[in-house]
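Notes follow the structure.
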Amino acid sequence: MDAFAAALDGAAFVSLMAANNETGVIQPLREAAALARDHGVPVHSDAIQAAGKIPIDVRELGVDLLSLSAHKFHGPKGVGALFVRNGLRFEPWLHGGGQESGRRSGTENTAGIVGMGAAAEWMMSHSGEAMASLRDAFEKTVLTGVSGVTANGDPCHRLPNTSHLSFDQCDSAGLLILLDEAGVACSAGSACMTGKQRPSHVQLAMGIPEERAKSSLRFSFSRLGTMDEALSAAAAVVKAVGKLRRVQGAGVGPVMIYTP
């Protein structure tokens, strides 16, 4: 927060995630927005990762703009929402028909909008505790089933659906292949990092060593998931880590993991 306060001097605009899309760590958005307001700087929040997982109240947060995407809370892909505080003026990127009160021209995706609203209502009727219980059971099984595993990020101030783990003596690419064969879908980083052959800048900024960052995987859970699925996934992770460590410990190159 001290670094953020210093960066506000001379700033014209601030954009902050509500929660990180790799570790699930919830950012101190309310405190940051209050600081920015003291400096007269408008604040936008990318709340796409947080929507549907934790309560979001634009008044309580004190933000001027906030963006959401329906696909992150079981709505249709290709539709989202932008909250704009009354009285805030900005120049739109798309001009023409004047839709959305002149803020974004183009025919509205009515079916997508209705689907997003229905998904939002459904998510509001379900608490995040169910997702947290799946995540916690998954993590407990993995952490007790295999040594050298580190849970990254704040254990309390994080989204209830996200688990970010590092595995000693393993590379994330190898684990991804083994887990894919086992029917477990996870990722080595955010969608923004897809195809990039370097450690996550998020993890490096957190002070995580490069080797550990290269062994990290992100697991996400849903309100539609079951405890059996979470525990089965955890068992598959334990098995995959053991297999990869045996292969690499025997001096066999990682290419061998491509063979079932």
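The values are calculated or read from the model by the stated rules, or taken from the named source; none is laboratory data. Everything quoted here is computed from the prediction, not taken from an experiment. Every residue, glycine as well, gets a Cβ built from its backbone with ideal geometry; the counts of neighbours run over all protein chains shown.
Annotations for the structure displayed:
- Against the list (1) of a type outside the set (Ser, Thr, Tyr); (2) in a loop (DSSP other than H, G, I, E, B); (3) touching a residue at least 24 places away in the same chain (Cβ under 8 Å), the condition Pro155 fails is (3).
- The single residue among Glu31, Glu22 that is closer than 18 Å to His71 by Cβ, assigned by TED's automatic domain parsing to the domain that holds Phe73 and outside any strand (DSSP E or B) turns out to be Glu22.
- Exactly one residue out of Ala111, Ala130, Ala137 is part of a helix (DSSP H, G or I) and over 24 Å from the mean Cα position of the chain (by Cα), and it is Ala111.
- Filtered by the rule that a residue be more than 13 Å from Arg212 (Cα to Cα), modelled with pLDDT under 95, polar (S, T, N, Q) and surrounded by 13 or more Cβ atoms within 10 Å (Cβ to Cβ), segment 163-202 gives Ser187, Ser190.
- Any chance Phe219 is outside the structural domain of Leu29 (by TED's automatic domain parsing), more than 14 Å from Asn20 (Cα to Cα) and buried (at least 22 other Cβ atoms within 10 Å of the Cβ): no
- When segment 140-151 is limited to residues that are within 22 Å of the chain's Cα centre (by Cα) and crowded, with 19+ Cβ neighbours inside 10 Å, the one that is farthest from Ala236 (Cα to Cα) turns out to be Val149.
- Options Gly98, Gly78; residue that is modelled with pLDDT of 90 or more and at positive phi: Gly78
- Residue ID - surrounded by the fewest Cβ atoms within 10 Å (Cβ to Cβ), chosen from residues in segment 118-127 that are free of Cβ contacts under 8 Å to residues at least 40 places away in the same chain and part of a helix (DSSP H, G or I): Glu121
- Of everything listed in (1) small (Gly, Ala, Ser); (2) closer than 30 Å to Ala235 by Cα; (3) in contact with a Ser or Thr (Cβ under 7 Å, 6 or more places away or on another chain), the single unmet condition for Gly98 is (2).
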